[in-house]
Amino acid sequence: QVQLVESGGGLVQPGGSLRLSCAASTRIFSFYDMGWYRQAPGNQRELVALITGGESTNYADSVKGRFTISRDNAKNTLYLQMNNLKPEDTAVYYCYARWGLQSWGQGIQVTVSS
């Protein structure tokens, strides 16, 4: 399994932006399918965005046009650029990696509130 460490969360006002980062401890980062999931209180964990090793992307309908997932294979880092944030985006965001086995980060809080 690979270790994943998220950063970049915090408190932001509605309409604001944040960029999450996920640093992965692997030398073969480029082979991994990577993603972001989120879990709000009382809700199940849900997919936010995925990016494959071939850099194909997939987004939840609720974030399309607002969030962008990307990766820097030279830095072993995954990103999630979140624009036009809404209160309903408030959740703990988890980084995800899969290459055979699945790995999860510890999660990072994103709060959208005025």
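The values are calculated or read from the model by the stated rules, or taken from the named source; none is laboratory data. Remember, it's a predicted structure, so these values are computed and weren't measured experimentally. Heads up, the Cβs are rebuilt from the backbone with ideal geometry, glycines too, and the neighbour counts pull from every protein chain shown. These area figures cover heavy atoms from the full protein model, side chains too; ligands, DNA and RNA do not enter into them. Shrake-Rupley method; radii C 1.70, N 1.55, O 1.52, S 1.80 Å.
Quick look at the numbers
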{"read-out": "The chain - charge dipole about Cα centre, Lys and Arg +1 at Cβ, Asp and Glu -1, debye rounded to 20", "value": "140 debye"}
{"read-out": "Computed label-point distance, nm, for sites Gln1 and Ile28 using a 7 Å Cα→Cβ extension", "value": "1.8 nm"}
{"read-out": "Antiparallel DSSP beta bridges within the chain, as percent of all bridges there, nearest 5", "value": "95 percent"}
{"read-out": "Solvent-accessible area per residue, Å², over the chain with all protein chains present [probe radius 1.4 Å]", "value": "53 Å²"}
{"read-out": "Full-stretch length increase - Ala40, Asn84 - with 0.36 nm per residue and alpha-carbon distance subtracted", "value": "14.0 nm"}
{"read-out": "Computed lengthening from Leu47 to Arg19, 0.36 nm per intervening residue step minus Cα-Cα distance", "value": "8.4 nm"}
{"read-out": "The stretch 1-66, accessible surface, carbon-and-sulfur percent (1.4 angstrom probe)", "value": "45 percent"}
{"read-out": "Cβ-derived FRET efficiency at R0 35 Å, Ser113 paired with Asn73, nearest 0.05", "value": "0.50"}
